[in-house]
Amino acid sequence: MSKHPETASQTAGPYVHIGCTPNFAGLTGLYENDLGADMATDKAQGARITLSGRIFDGAGDLIHDALVEAWQADAAGRHAGQPGADPHFSGFGRCPCDAETGEFRFKTVKPGPVAWPQGGQQAPHITLWIVARGINIGLHTRVYFADEDVANAQDPVLAEIADNRAATLLARPQSAGDYRLDIHLQGPNETVFFAV
Amino acid sequence: MIRDQSKDAQMQDDDQNAGPYLPRNAASHPAALHPPYRSSRLRSPQAEPITFPSTPSEESGPVFTGDLLGPLDNDLLHNFGPDGQSAIGPRIIVHGRVQDQFGRPVAGALLEVWQANAGGRYRHAKEGYIAPLDPNFGGCGRVMTDTEGRYSFRTVMPGAYPWPNGPNDWRPAHIHFSVFGAGFAQRLITQMYFEGDPLIWRCPIVGAIDDKRAVERLIAPLDMDNTAPMDALAYRFDITLRGREQTLFENRMEGL
Ligand SMILES: [Fe+3]
């Protein structure tokens, strides 16, 4: 049994950019770069992709003030910090939604499959974590790739989700290497969120 | 089921660094929907989140090292003003320990903090409060925990501020904390409040947490033992992140 309860979450609020992406918020000169601005150097292994999208609230309105974080394996399915992980790939991205368009966009590499602890593999995926005003505890979701039919069909997490809802996790290829996925916090297309 | 050799290898590691995270206890956290906090009404998912045991994707996390930090990153009194000029307002030291649910220190945790200035005003394009900006205060800082999980930074006491929610809602004085532990499953954003502030129990954002004791753990007590005499008061804020399930190995050690 654990002895201590986890510290409670509180909303990141409307001013999260001050602390997490100060350069984006106009507080320049404090940090050289905003954390998570670059996920891969030129030397990183694997296929270059972008993942972009928007976030909508329960009224169908675009959310402009969210902060999105991405965490993923490298092209070989290893995470930063694990033996053999690609030293040119951080696996961590952080992107404030654009104040005008609401878009978030990550320039990254296509992740490899990740081990499933009970045996077998998970399909390539990127974990997203979304915080904003009105979100009391960060929303954890996963992005899978719509063009990975075979791997997706064997993924143990997707297998837990009804087909119509699993579609909310599938990023669709646009032009070569560009994937898009919109996130809906409520409504008929509400994105699947996880408590892991 | 096929025997998973990687699992066996993990069992031999310190269980703080291997194995699944304890499931998150929803009762320790605010509900997604808390109607008195108006913004949560359209931004709270309606479906129950789907659970599965953590995997390498949640058990690993971004790797940050001390070379990320600049010399003034943990000094909000001086990290913004020109020529090292000090921010305006009561000077405070905020310090504490980051631990997991078993009480073990979380070393190398990155904490990012942000706050309003002493008058309750944020340095942000969307901020509309009439209180003035302080030319010497940015309101942004960061620090990493040492091998014992300890951290400390200097800043000014933030002011309370009104916000558009109900007809007359005021946020209690608070500092926002973003915390990275060892695994992405430990990712947490929270707010620290100050002992004795009468606005805490009137705040709809605080009120989203049902458990009174969970709220009390967000309230930092005044810590007279760690003040800087003739310089700064001190407040202590300890943070608990999720722990990993105990391994068979450690249970045996404790059981025999
Ligand atoms: Fe605030």
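The values are calculated or read from the model by the stated rules, or taken from the named source; none is laboratory data. Because the structure is predicted, anything quoted here is derived from the model rather than measured. Backbone-built Cβ (ideal geometry, glycine too); neighbour counts: all protein chains shown. Surface accessibility is based on the protein's heavy atoms, side chains included, excluding ligands, DNA and RNA. Shrake-Rupley method; radii C 1.70, N 1.55, O 1.52, S 1.80 Å.
Once the stretch B:60-91 is narrowed to residues that are open to solvent by 20 Å² or more (accessible area, probe 1.4 Å) and outside any loop (DSSP other than H, G, I, E, B), the residue that is nearest to A:ASP38 (Cα to Cα) is B:LEU68. Residues that are near the ligand (Cβ under 10 Å from one of its atoms) and out of contact with any Pro (no Cβ under 6 Å at 6 or more places or on another chain) within the stretch B:161-179 comprise B:TYR161, B:TRP163, B:ARG171, B:PRO172, B:HIS174, B:ILE175, B:HIS176, listed in sequence order. For the stretch A:1-24, taking the residues that are small (Gly, Ala, Ser) and touching a residue at least 12 places away in the same chain (Cβ under 8 Å), the one that is nearest to the ligand (Cβ to nearest atom) is identified as A:GLY13.
Just to be sure, is B:VAL94 part of a loop (DSSP other than H, G, I, E, B), β-branched (Val, Ile, Thr) and either within 16 Å of the ligand (Cβ to nearest atom) or in contact with a Ser or Thr (Cβ under 9 Å, 6 or more places away or on another chain) (or both)? Explain how you work it out, then say what you get.
On the way: part of a loop (DSSP other than H, G, I, E, B): no; β-branched (Val, Ile, Thr): yes; either within 16 Å of the ligand (Cβ to nearest atom) or in contact with a Ser or Thr (Cβ under 9 Å, 6 or more places away or on another chain) (or both): yes.
In short, no.
Checking each residue in the stretch B:181-231 for being open to solvent by less than 10 Å² (accessible area, probe 1.4 Å) and closer than 25 Å to B:HIS78 by Cα picks out B:ILE189, B:THR190, B:GLN191, B:MET192, B:TYR193, B:PHE194, B:ALA220. None of B:GLY139, B:GLY119 is at positive phi and open to solvent by less than 50 Å² (accessible area, probe 1.4 Å) except B:GLY139.
Criterion first (touching a helix residue (DSSP H, G or I) at 6+ places or on another chain (Cβ under 8 Å) and of a type outside the set (Lys, Arg)) does B:SER57 satisfy it? When the stated conditions are applied, B:SER57 passes them. Listed by first and then second residue, the pairs with beta-carbon distance under 6 Å, at least 6 apart or on different chains, first residue in the stretch A:117-139 and at the interface with chain B (Cβ under 7 Å from one of its Cβ atoms), second surrounded by fewer than 24 Cβ atoms within 10 Å (Cβ to Cβ) and modelled with pLDDT under 95, are A:GLY119/B:ILE2; A:GLY119/B:ASP4.
Out of A:ALA171, A:ALA166, which single residue is in contact (Cβ under 8 Å) with a residue 24 or more places away in the chain and part of a strand (DSSP E or B)? Spell out the reasoning first.
Values: A:ALA166 fails: part of a strand (DSSP E or B).
It is A:ALA171.
Note on the stretch A:77-103: residues that are in a strand (DSSP E or B), within 14 Å of A:THR127 (Cβ to Cβ) and either of a type in the set (Phe, Trp, Tyr) or without any contact (Cβ under 8 Å) to a residue 40 or more places away in the chain (or both) total 1.
The set of residues from the stretch A:58-86 being more than 22 Å from A:LYS110 (Cα to Cα) and open to solvent by 20 Å² or more (accessible area, probe 1.4 Å) comprises A:GLY58, A:ALA59, A:GLY60, A:ASP61, A:LEU62, A:HIS64. In the stretch A:1-55, the qualifying residues are those that are over 21 Å from the mean Cα position of the chain (by Cα) and among the β-branched types (Val, Ile, Thr), and the one that is least open to solvent (accessible area, probe 1.4 Å) is A:THR7.
Considering every residue within the stretch B:39-55, establish whether at least one is within 20 Å of A:GLN10 (Cα to Cα), within 16 Å of the ligand (Cβ to nearest atom) and within 12 Å of chain A (Cβ to nearest Cβ). Yes, some residue in the stretch B:39-55 is within 20 Å of A:GLN10 (Cα to Cα), within 16 Å of the ligand (Cβ to nearest atom) and within 12 Å of chain A (Cβ to nearest Cβ).
From the list A:GLY91, A:GLY134, A:GLY112, A:GLY119, which one is of a type in the set (Gly, Ala, Ser), out of contact with any strand residue (DSSP E or B) (no Cβ under 8 Å at 6 or more places or on another chain) and surrounded by 23 or more Cβ atoms within 10 Å (Cβ to Cβ)?
Numbers: A:GLY91 fails: out of contact with any strand residue (DSSP E or B) (no Cβ under 8 Å at 6 or more places or on another chain); A:GLY112 fails: surrounded by 23 or more Cβ atoms within 10 Å (Cβ to Cβ); A:GLY119 fails: surrounded by 23 or more Cβ atoms within 10 Å (Cβ to Cβ).
It is A:GLY134.
Annotation for the stretch A:28-44: no member residue is touching a strand residue (DSSP E or B) at 6+ places or on another chain (Cβ under 7 Å), within 16 Å of the ligand (Cβ to nearest atom) and modelled with pLDDT of 95 or more.
I'd like to verify a number: residues in the stretch A:83-127 that are farther than 25 Å from A:ALA159 by Cβ and polar (S, T, N, Q), how many? Step through it out loud before you land on a result.
Step one: of the stretch A:83-127, the residues farther than 25 Å from A:ALA159 by Cβ are A:83-90, A:92-109.
Add one more test, that the residue is polar (S, T, N, Q), and what stays is A:90, A:101, A:108.
Qualifying residue count, the stretch A:83-127: 3.
For the stretch B:107-117, the count of residues that are within 12 Å of another protein chain (Cβ to nearest Cβ), farther than 20 Å from A:VAL16 by Cβ and either in contact (Cβ under 8 Å) with a residue 12 or more places away in the chain or within 14 Å of the ligand (Cβ to nearest atom) (or both) is nonzero.
Could you go through the stretch B:128-142 and let me know if any residue there is assigned to a strand (DSSP E or B), within 14 Å of the ligand (Cβ to nearest atom), touching a Lys or Arg at 6+ places or on another chain (Cβ under 6 Å) and modelled with pLDDT of 95 or more. No; the residues of the stretch B:128-142 include none that is assigned to a strand (DSSP E or B), within 14 Å of the ligand (Cβ to nearest atom), touching a Lys or Arg at 6+ places or on another chain (Cβ under 6 Å) and modelled with pLDDT of 95 or more. Restricting attention to the stretch B:143-179 and to residues that are in a loop (DSSP other than H, G, I, E, B) and more than 26 Å from B:PRO204 (Cα to Cα), the residue that is most open to solvent (accessible area, probe 1.4 Å) turns out to be B:THR147.
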